[in-house]
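Participant: If you scroll down you'll find the structure; I have some questions about it.
The values are calculated or read from the model by the stated rules, or taken from the named source; none is laboratory data. From a predicted model like this one, the values you see are computed outputs, not experimental measurements. Here Cβ is always computed from backbone atoms with ideal geometry, including for glycine, and neighbour counts include all displayed protein chains.
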Amino acid sequence: MNHNPARGILYLCLGVLVFSLQDAIIKRVSGGYALTEVVFIRSCVAAPILLALVHRESHWRAIFSSSLGLLTLRATIMFGAYTAYYMAFPALPLADAVALYFTVPLFVTALAGPFLGERTHWGVWLAVLLGFAGVMVMLQPGSGLFEPAALLSLLAAALYGMAMLMARKYGDSLSASVMAFYQNAVFLVGAGLAALVLHGLGVVKAEHPSVSFLVRPWVMPSLTDGLLIAACGVVAAAGIMLLTNAYRVARASTVTPFEYTGILWAPLWGFLFFSEVPRATTLAGAAVIVVAGLLALRLAKS
């Protein structure tokens, strides 16, 4: 396929925008529903859409892959990443949770050497250190303002980075739609099993909002909330399609920096929907993280 940078950038920016709406919806329902319930409903809605995408790309029989173990392992890592990411939402302003998650390129850079055997330029390591300086600006450890849930966003970024490195290593043999289908299937099964285990253990409430979001029992959602949660499945499928097409029609080096447009949407949705006003340290730290991530991407290509 010909390199079409304008279309690739457009697809990617739209995909990031679509996924940012899912973040806002999940934060919206995080105060009254269980995370496992939200993920289960979202995954049920997304399943037939993703199966249709698999059929369109490589026929539905492609889901019976010989790489079942690898696909399941990657999907399980992604399940851990998104569970940690969503658990941060009830305790953090949306802008903070998303900005900390955008340390993903820094974790990818740090892990690329041991995982892929790639040699890393010393300047890239300086960019990584700069990025984590931005994290410290946002977290303000020791100031009395530190929220432990911020570590969930960082854990999510590290796990997501590992999954992306697996996609890079094995992407030639596995299609994006098949990986997305297995990811959704593991989300569906994982959320259901987690809910059953927590129910069986009698763990139904907790003091911290992040843990409470995970362990609270399932309840019947209202019509409005049910539609919002179901919409996440459509949003996820649309986002996956847009991001996949972005990397198909344009070079990764061209479109990857535009992943950071997500940092623009999070403060906007936080302000419009939750009356959250970003702190100065959030804006400063996010700016440092973006600069460091872009610098790391640029140096890694040189």
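Participant: Need at least 2 residues that are over 27 Å from residue 212 (Cα atoms) and modelled with pLDDT under 75 per element, so show me which helices (runs of 4 or more DSSP H) inside segment 59-169 make the cut, counting only ones lying wholly within it.
Facilitator: Details: elements: 68-87, 94-101, 104-116, 122-139.
Result: 104-116, 122-139.
Participant: Among the residues of segment 200-222, write down those that are part of a loop (DSSP other than H, G, I, E, B), more than 20 Å from residue 152 (Cβ to Cβ) and hydrophobic (A, V, I, L, M, F, W, C).
Facilitator: Initially, segment 200-222 is screened for residues part of a loop (DSSP other than H, G, I, E, B), giving 202-208, 216-222.
Right, trim to more than 20 Å from residue 152 (Cβ to Cβ) and you get 202, 204, 217-222.
The answer is 204, 218, 219, 220.
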